[in-house]
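Inspection log for the structure reproduced underneath, given as structure tokens.
The values are calculated or read from the model by the stated rules, or taken from the named source; none is laboratory data. Every value quoted in this text rests on a predicted model; they were computed, and no experiment measured them. Using ideal geometry, Cβ is built from the backbone for each residue, glycine included, and neighbour counts are taken over all protein chains shown. The protein model used for the area step is the full one, side chains on, heavy atoms only, and it has no ligands, DNA or RNA in it. Shrake-Rupley method; radii C 1.70, N 1.55, O 1.52, S 1.80 Å.
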Protein chains: 2
Amino acid sequence: MSEKRFAAATEQNLFRIFTIPEEADSTLARIEQEISNNLDGFLRDNIVAVEKPLSEIEQDFLDSVIPEHPQFVSDFADDILAKLIAQSVHTSSPSFIGHMTSALPYFLLPLSKLMVGLNQNLVKIETSKAFTPLERQTIGMLHRIAYGELQASPQQADDYYNRYMHSAETSLGAFCSGGTVANISALWVARNALLRPDGAFRGVAKEGLFRAMTHYGYQRLVILVSERGHYSLGKSADVLGLGRDDIVTVPTDENNKIRVDVLEDIILQLKADNAGILAIVGVAGTTETGNVDPLDKIADVADKYKIHFHVDAAWGGATLMSETQRKILRGIERADSITIDAHKQMYVPMGAGMVLFKDPHSTDVIEHHAEYILRKGSKDLGTHTLEGSRPGTSMLVYACMKVMGRKGYEILIDRSIDTAHYFANLIANDPDFELVSKPELCLLTYRYVPSAVQEYLRHCSDEDKRVINELLNDLTKFIQKKQRESGKSFVSRTRLTPQAHSGQTITVFRCVLANPLTTRDILHEILEEQKEIARESWRSLPAILEKLRS
Amino acid sequence: MSEKRFAAATEQNLFRIFTIPEEADSTLARIEQEISNNLDGFLRDNIVAVEKPLSEIEQDFLDSVIPEHPQFVSDFADDILAKLIAQSVHTSSPSFIGHMTSALPYFLLPLSKLMVGLNQNLVKIETSKAFTPLERQTIGMLHRIAYGELQASPQQADDYYNRYMHSAETSLGAFCSGGTVANISALWVARNALLRPDGAFRGVAKEGLFRAMTHYGYQRLVILVSERGHYSLGKSADVLGLGRDDIVTVPTDENNKIRVDVLEDIILQLKADNAGILAIVGVAGTTETGNVDPLDKIADVADKYKIHFHVDAAWGGATLMSETQRKILRGIERADSITIDAHKQMYVPMGAGMVLFKDPHSTDVIEHHAEYILRKGSKDLGTHTLEGSRPGTSMLVYACMKVMGRKGYEILIDRSIDTAHYFANLIANDPDFELVSKPELCLLTYRYVPSAVQEYLRHCSDEDKRVINELLNDLTKFIQKKQRESGKSFVSRTRLTPQAHSGQTITVFRCVLANPLTTRDILHEILEEQKEIARESWRSLPAILEKLRS
């Protein structure tokens, strides 16, 4: 075939790609059908159980040259089935309890496909039309469940949301790709509000941080958060022009909650040192242990010193849905801003974060316009968001709220906390495990410590404790990796410094019990498997203990 | 039914939602089937042609209370079909040529569903496994097509990418939700590199911007970009702690390209004023006219003054794929960082931005770690990204590169530019239209100016010109809105200040000809429709002209 005829044939094929769907018996159509019929079955059949080392997987992804010529879709589909899907992670498996992932409602699969087919761009109304009011309503509903009780009556609340939900000038919040962008957005608003225009100074947004701090006479600008705050806060500080050192961490109590007494001492010291305090961040669901700060008490302090109060409820925000459990979040309605990740316990796929603002005028300080879109007075969502072009993911959150209802969420949240308590009891009652942090939301941490070792630890010297804990750290790491690699189940691990261990940092298993399909049997099996691995691997334990005793 | 039995029934239904797929004859299954069989047909049948005012659409999205009880999926599906989909925008229509949207390859629909079903989280390997090397390869391939020629030979290039593509310590770039986050990421890296640790000063990332500028003795920190730069750069400046005033705009020539001579004058002035220059941004595809800055010449200046050179190729980056057209981007390989949006001319759905870094060590200055993930030495992608949890969207870019091949992209890019030239000729040869900006990539701008008015404008006074142009601005705005509302086709509009109009700001139609399904017939029809609207609406024109003449 001549080059020219080849090009013509390619062009025709290309045109087909844009117009003609896959044949019903193609590999891709078959994959799709299997996903539709039985997602869990498809994933179990196609993801290999036993983990391949990453360095081996990488061998299939080495070519750095974009292929010159097209590949048939069916060949491509076979390829990724063997190389990508086989080596991906079954994050929705009921025995994958190591991270904040879960099985998802089935209807989200066809809806996601619809979303992609519609391919709206939420930055502006011209490319999203009804998706814009839908997103505003989604944000409005979550705003109301967080802040609604600030209104004197349901009628006043209705009036309030009628006024603000679809307003062109203000914003109840922003949808974004995830919790990190939500946290950055909230702290961006807080920074610009603190360093607002003042006399001849035209505000940080126009003049920048250097002049702003000079104008206000601050030597330093800080964010206060407990030592359990998420790592994205350090990143936010860096991005926003503070330093990572300007995240001032406040110590926590034995339940991983911020010590409000110390918080206040620190504020007084900072004020004496001429530092500006950009925000106090309350953690509503620490990533590692799932504990929630005493938000009401933090709000008192924030009120007293007139400091922006942000709540990072990326994980815990969904708990607002449960009338039984939302007391854990008491005080959240006093926060100036709240981060919630819908892709965590709102059971929506990856890529759905939100920030809410108590005061719909908050976002005035970050408002921006352009000539071709986002014109003044328009209702384009892009005037108040950090991101620009964005997909219509809010539709999936909207769908879940409609189809499951608040009650449905309540059942899921309550059940996840019940399951966590069940697992905690199981661990606490097993002589070979040590429960390190109790569940408040559906997270807990623990480690494997054979009963003999537990017994020894109770009486031994500090130096022995240190040595044994280091051995146990290695053991925990080993068990966690081995269990992951053998592919039946997955817990994650982290490092904590619990008061019960007199300040020694220990490695622990970390579990998130959010998946409604995780049964009690699975939890028993996970512990059994861990014991099995431990017993097989730590044959030398008796000898070590003997040595320490002698 | 008692409250308890009701709750039990709800719980059972909920469980079903997580485990049992939609029936084959459910509304959602039917929607899905129709999308699979004929997406364009489905959208045409279900999106209403004639536009409803936004205020009316909002009536369907007023409730601010999350529904208490669940809704059947089928009822929900009927609802959104009538209220959401009917009032959404057919962005993939061949006659929707107003924004950077297009028809997409069909195979992306099942692949997107697969992506959602797998629900990987790319922040870390534990929740993404093979998706991590896949994303690194995707970034690597685009890095090589942008920067590959910097390597002395293909063999050296292979060695280079073997070394860096899967390296734990370095990063060739980052995948992100879109061009704005990509631009912020690039400028974040540039800021942290400029204000790096130096002696006792531990760098801006740790100590913040105020101390950094004090240490380096800068009075101001600026970003240089042409007056056609994207609005996200102002936002980036604000977020990163510079002011919006610190975006120093450089004038453009008659082709909307930065004037490099003036750029250099400005740099000298800024240096004299003790300003730090964070970056020069070259625009590779201005949003409004699609023109590309002389990147090679900017690179000379950036080299001379040792300034970070960033190229915002969110739109134009895909042009690298075309051997015929990539000369437009000459010099891009000298940029320190490049933004490319795959959801623009790489034909991937919304939510796929990328930033590339010439030097894989660039991202050292933003590297971060945590205890439970992103541990030092790990290959977790989250150590070098602004975002945290992220979906596996890079798979869709990977798929397009594999299935269409570089040649496939070349055909699409070349064709889009051909189409733009065809349309430009059509406009230029029609006595009732004025071509305002010629296409360089596949964008152009124009306006409707009846031939009699064009004739009059050639000879009239400046004051008359001003008056007529203002009338024409209103007319352009009117035609654009009317055409959009009547739903057959869509062009966007923007405001430009072309030299040919002696500095008067005029309103113009803006077209993006990226959709491979946009035929020449459609372009003829769009002009005809515009003439029709103009003739019907501007009956008073002859009288106005008469009045001006007299």
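In loop segments of the range B:1-69 as defined by DSSP, there are no chymotrypsin sites (Phe, Trp or Tyr not before Pro) with at most 12 further C-beta atoms inside 10 Å of their C-beta. Shielding by partners for peptide A:333-339, expressed as the average number of C-beta atoms from other protein chains within 10 Å of each residue's C-beta, is 0. The helix-only estimate of mean residue ellipticity at 222 nm for the protein assembly as shown, built from DSSP H runs of length n ≥ 4 each weighted as -39500 (n - 2.57), is -14000 deg cm²/dmol after division by the residue total. Taking a point 7 Å from the Cα of A:ASN274 along the Cα-to-Cβ direction, the residues of the range B:206-241 with backbone N closer than 20 Å to it are B:207-220.
Computed over protein heavy atoms with a 1.4 Å probe, the carbon and sulfur contribution to the accessible area of chain B reaches 49%. Counting, for every residue in A:39-50, the Cβ atoms of other protein chains within 10 Å of its Cβ and taking the mean gives 2. For the pair the range A:318-372 and the range B:451-466, the centres of their Cα atoms are 54 angstrom apart. Between the beta carbons of B:CYS460 and B:THR505, assuming R0 = 25 Å, the FRET efficiency works out to 0.85 to the nearest 0.05. Take each residue in B:9-18, count the other chain C-beta atoms within 10 Å of its C-beta, and the mean is 6.
Could you check what % of the DSSP bridge pairs in chain A are antiparallel, to the nearest 5? Of those bridges, close to 60 percent are antiparallel. Counting only residues at least eight positions apart within a chain, or on another chain, the lysines with an alpha carbon under 28 Å from that of B:LYS482 are A:LYS124, A:LYS129, A:LYS376, A:LYS379, B:LYS52, B:LYS83, B:LYS344, B:LYS438, B:LYS465, B:LYS531, B:LYS547. The spacing between the range A:267-290 and the range A:39-69, judged by their C-alpha centroids, is 43 Å. Sequence-distant contacts, meaning Cα pairs under 8 Å at least 6 residues apart, place the relative contact order of the range B:120-392 at 28 percent. Residue and distance for the chain B Cβ closest to the axis that moves B onto A, in whole Å, come to B:GLY241, 1. Of all GluC sites (Glu not before Pro) in the range B:309-394, which ones are in loop regions per DSSP and have a Cβ with at most 13 other Cβ atoms within 10 Å? The qualifying sites are B:GLU323. Note on chain A: with charges restricted to the Cβ of Lys and Arg (+1) and Asp and Glu (-1), its dipole about the Cα centre is near 1000 debye. Here the mean projected area of the convex hull built on the C-alpha positions of the range B:121-189 is 5.2 nm².
Of the residues A:LEU233, A:HIS524, B:ASN119, the one whose Cα sits farthest toward the positive end of the charge dipole of the protein assembly as shown, with +1 on the Cβ of Lys and Arg and -1 on the Cβ of Asp and Glu, is A:LEU233. The charge dipole of the range B:132-242, taken about its Cα centre with unit charges on the Cβ atoms of Lys, Arg (+1), Asp and Glu (-1) only, comes to about 360 debye.
Between A:THR519 and B:ARG330, the modelled labels are 6.9 nm apart [label points 7 Å from Cα along Cα→Cβ]. In this rough spin-label picture, where each label sits 7 Å from Cα along the Cβ direction, the B:HIS368-B:GLU470 distance is 5.0 nm. A point 7 Å from Cα along Cα→Cβ stands in for A:ASP245, and the other copies hold the same point at 2.9 nm, listed in rising order.
Would you kindly work out, in nm and rounded to one decimal, the distances from the label point of B:ASP521 to those of the same position in each other copy, ordered shortest first, with label points 7 Å along Cα-to-Cβ? So the label point of B:ASP521 gives 6.1 nm to the other copies. How much of the DSSP bridge set in the range B:120-392 is antiparallel, in percent, rounded to the nearest 5? Around 40 percent antiparallel, to the nearest 5. Note that the protein assembly as shown shows a convex hull volume over its alpha carbon atoms of 183 Å³ per residue.
Label points for A:ASP158 are taken 7 Å from Cα along Cα→Cβ. From this copy to the others they lie 7.3 nm apart, shortest first. Once the other residues with Cβ under 12 Å from the Cβ of A:VAL292 are scored (Lys, Arg +1; Asp, Glu -1), what is the net sum? Overall, the nearby charge balance is +2. Counting heavy atoms of the protein chains alone, B:HIS361 has an accessible area of about 80 Å² for a 1.4 Å probe.
Rolling a 1.4 Å probe over the protein heavy atoms leaves B:LYS257 with an accessible area of roughly 40 Å².
Tell me, what is the FRET efficiency for B:GLU323 and B:THR214 to the nearest 0.05, using R0 = 51 angstrom and their Cβ-Cβ distance as r? Efficiency, rounded to the nearest 0.05: 0.55. Normalised by the number of residues in the range A:409-549, the average gap of Cα pairs under 8 Å and 6 or more apart makes the relative contact order 25 percent. If both residues of a DSSP beta bridge must be in the protein assembly as shown, then about 60% of such bridges are antiparallel. Each Cα pair under 8 Å and six or more residues apart adds its sequence gap; the mean of these over the residue count of chain B is a relative contact order of 18 percent. A DSSP coil position with no more than 10 other Cβ atoms inside 10 Å describes the following trypsin sites (Lys or Arg not before Pro) in the range A:289-389: A:LYS306, A:LYS376. Spin-label model, A:ALA49/B:SER537: points 7 Å from Cα along the beta carbon direction are separated by 6.7 nm. Summing charges over all other residues whose Cβ lies under 13 Å from the Cβ of A:LEU240, with Lys and Arg as +1 and Asp and Glu as -1, gives +2.
Electrostatic tally near A:THR101: other residues with Cβ closer than 11 Å to its Cβ, Lys and Arg +1, Asp and Glu -1, net 0.
Interface size, chains A and B: roughly 15100 Å² of accessible area buried, both sides included, 1.4 Å probe, rounded to the nearest 100.
Accessible surface for chain B, divided over its residues, is 36 Å² per residue with a 1.4 Å probe.
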